[in-house]
Amino acid sequence: MRVWILRDYSKCVGCRLCEIECSLKHEGLIWPAASRIRIHESIYGFPVPYLCVQCDDYPCVASCPTRALSVAETGAVLVSEDSCVLCGSCVSACPGKVPKIVRGKKAVVICDLCGGDPVCVRVCESIGFNALMLVRKPGGEVVKSYLNNPIETSRDLAKKLGVV
Ligand code: SF4
Ligand code: SF4
Ligand code: SF4
């Protein structure tokens with residue numbers, strides 16, 4: 001089933017538990033640098049959760065010269081760690097530069113939607129912030145917003161409250 005993570009920027013408090021949970025699940029240790037979700041806080045007090053939006057045309061997948069990227073049933077981009085050569089083509093092709101090259105990793109890291117049960121969403125819900133919400137659409141359609149520039153988004157949020 002196709003799933004998607006809806007983000008409500010106004011509810012994020014920047015606790016970064018999502019980064020911790022993501023790295024624990026995927027790397028087995030607390031390693032926020034390797035988290036597939038990142039919290040950008042270019043203006044203090046206005047954190048913006050940032051992660052892959054599963055583009056309709058998947059330019060990252062198309063750009064990979066070694067076919068290391070594929071699309072899962074959930075809509076997530078999957079990375080074959082054996083095939084990725086860290087050339088950076090997917091980073092250049094992504095409109096938001098979402099794929100991450102992380103020191104100590106042999107392949108890029110991209111959100112895999114945790115197989116359809118995202119732990120980042122679960123932790124955000126469990127502490128009552130609900131900045132991340134899972135959208136399930138059996139028919140394949142998902143409600144999506146598009147990639148925002150996290151720096152501009154943080155500024156826009158601050159502007160709305162008259163902080164900048
Ligand atoms: S867990 Fe939720 S509230 Fe905390 S930083 Fe992540 S998205 Fe924001
Ligand atoms: S990594 Fe970037 S280009 Fe690829 S699906 Fe995600 S947002 Fe789109
Ligand atoms: S859905 Fe899973 S892989 Fe994607 S950012 Fe959340 S915890 Fe990380």
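Considering only protein heavy atoms, what per residue accessible area in square angstrom results for region 40-164 with a 1.4 angstrom probe?
54 Å²
In whole percent, and with a 1.4 Å probe on the protein chains, what portion of the accessible area of the chain is carbon and sulfur?
The C+S portion of the solvent-accessible surface of the chain is 53 percent.
What ratio of Cα Rg to 2.2 N^0.38 Å holds for the chain?
1.01
Which net charge results when you count Lys and Arg as +1 and Asp and Glu as -1 among the other residues whose beta-carbon is under 15 Å from that of PHE46?
That sum, taken over residues with Cβ under 15 Å, equals +3.
What is the packing order of peptides 70-78, 152-160, taking the mean over residues of other C-beta atoms within 10 Å and listing the highest first?
Output ranking for 70-78, 152-160: 70-78, 152-160.
Report, to the nearest 10°, how far helix 17-27 tilts away from the longest principal axis of the Cα atoms in the chain, using its own Cα long axis and a range of 0 to 90°.
20 degrees
Averaging sequence separations of C-alpha pairs under 8 Å and six or more residues apart, then dividing by the length of region 1-145, give the relative contact order as a whole percent.
RCO, region 1-145: 34 percent.
Looking at LEU134, PRO118, PRO95, which one has the Cα that reaches farthest to the positive end of the dipole of region 93-138 (charges on Cβ: Lys, Arg +1; Asp, Glu -1)?
Value: PRO95.
The values are calculated or read from the model by the stated rules, or taken from the named source; none is laboratory data. This is a predicted model, so every value here is computed, not measured. All Cβ positions, glycine included, derive from the backbone under ideal geometry; neighbour counts span all protein chains shown. These accessible areas exclude ligands, DNA and RNA; they are computed on the full protein's heavy atoms, side chains included. Shrake-Rupley method; radii C 1.70, N 1.55, O 1.52, S 1.80 Å.
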